[in-house]
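To start, the structure under review is shown below, and the notes come after it.
None of the figures in this text is laboratory data; all of them are computed from the coordinates on show. Small disclaimer: the values here were computed from a predicted structure and weren't measured. Here the Cβ positions follow ideal geometry from the backbone for every residue, glycine too, while neighbour counts run over all protein chains shown.
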Amino acid sequence: MKPKIVIGNWKMNKSFDEAEDLICQIEDKLDEYNLETEVVLCPPMIYAELVTDHANDENSHFYAGMQNVSEFENGAYTGEVSAKMLADMDVAFCIVGHSERRKYFGETNAIVLNKMLRLLENDIVPVMCCGESLEERKSENHFNVVQKQIEESIYNLTPEQMERTMIAYEPIWAIGTGETATPAQAEEMLAFIRSLIEKKFGTEMAVNTYILYGGSCNAKNALELFSQQNVDGGLIGGASLKPDDFVKIIEAGETVLHEN
Ligand code: PEP
């Protein structure tokens, strides 16, 4: 079994002082462990330097991530931040295609693909989010929706690019709602996503690709979710803002790794 990855998505939360305090608290708690689980913190972009400064410390237990990037290389795109700029700040991971960005900022599968390509050109790992709405699940369309999201983005990558890419399955009905997918639902969809990767890129790539679950994952349910064969870790929203809960989720990753 490969070590789990736990990514904290802070969304648009925390003042500068609160962000620094949260990073320090997580850092202090993780100091007690000899961790194999990989941890990524994705604060708001304005705190890029803050998080990379901490991540670059030689005793650091986490990587710096971001929540978004421009689909363009550079130029007259007011308000945008390029992948090259993130790379210059030592950002190592970046979430793309989060359902909130798809919903509120019109991010399509084509835009998601462009963002992934910009990140990969700059050696930043894209964490590509996919997932269905409640209506799509109720009408039993969830597999089709996720397949289309994967085919229109991931399927355009070369094998070399795919090797450096991660996927997060986040059912929209579970994000920030307190309603988690059952371990069986998460496992079923992650196994399906892995089969899509296998079809396009072969078995070895499918086995090696990190596929995470996200959606109301918390300190109580992380162990059961992470115990599923195809769940390689979690993308954590609300619970990543609470240091004790976030560290418990990381501990769940360690427990599963060492029990197998
Ligand atoms: C997210 O925003 O990616 C997420 C999973 O949020 P939450 O954990 O709060 O459901």
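The table below lists the values:
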read-out: Residue under evaluation V247, criteria (1) under 17 Å from C42 (Cβ atoms); (2) of a type in the set (V, I, T); (3) within 14 Å of the ligand (Cβ to nearest atom), criterion not met; value: (3)
read-out: Filter result (exposed (fewer than 15 other Cβ atoms within 10 Å of the Cβ) and of a type in the set (V, I, T)) within the stretch 195-209; value: T203, V207
read-out: Count - residues of the stretch 1-41 that are aliphatic (A, V, I, L, M) and in a helix (DSSP H, G or I); value: 5
read-out: The stretch 211-231 residues that are at positive phi, paired with ones that are surrounded by fewer than 18 Cβ atoms within 10 Å (Cβ to Cβ) (beta carbon under 7 Å, 6 or more apart); value: S216/T177; S216/G178; S216/E179
read-out: Options V231, V247; residue that is in contact with a Leu (Cβ under 8 Å, 6 or more places away or on another chain) and part of a helix (DSSP H, G or I); value: V247
read-out: Per-region count, the stretch 219-256, residues touching an Asp or Glu at 6+ places or on another chain (Cβ under 6 Å) and not small (G, A, S); value: 2
read-out: Answer residue from the stretch 213-225, given it is within 14 Å of the ligand (Cβ to nearest atom) and not in a loop (DSSP other than H, G, I, E, B) and is surrounded by the most Cβ atoms within 10 Å (Cβ to Cβ) among those; value: Y213
read-out: Filter result (assigned to a loop (DSSP other than H, G, I, E, B) and more than 12 Å from the ligand (Cβ to nearest atom)) within the stretch 128-160; value: E132, S133, S139, E140, N141, E152, S153, L157, T158
read-out: Candidate set from the stretch 161-177 (those that are part of a loop (DSSP other than H, G, I, E, B) and farther than 15 Å from G131 by Cα); member that is nearest to the ligand (Cβ to nearest atom); value: T165
read-out: M116 within 15 Å of the ligand (Cβ to nearest atom) and under 17 Å from the mean Cα position of the chain (by Cα); value: no
read-out: Within the stretch 173-194, tally of residues that are among the acidic types (D, E) and either surrounded by fewer than 18 Cβ atoms within 10 Å (Cβ to Cβ) or within 16 Å of the chain's Cα centre (by Cα) (or both); value: 2
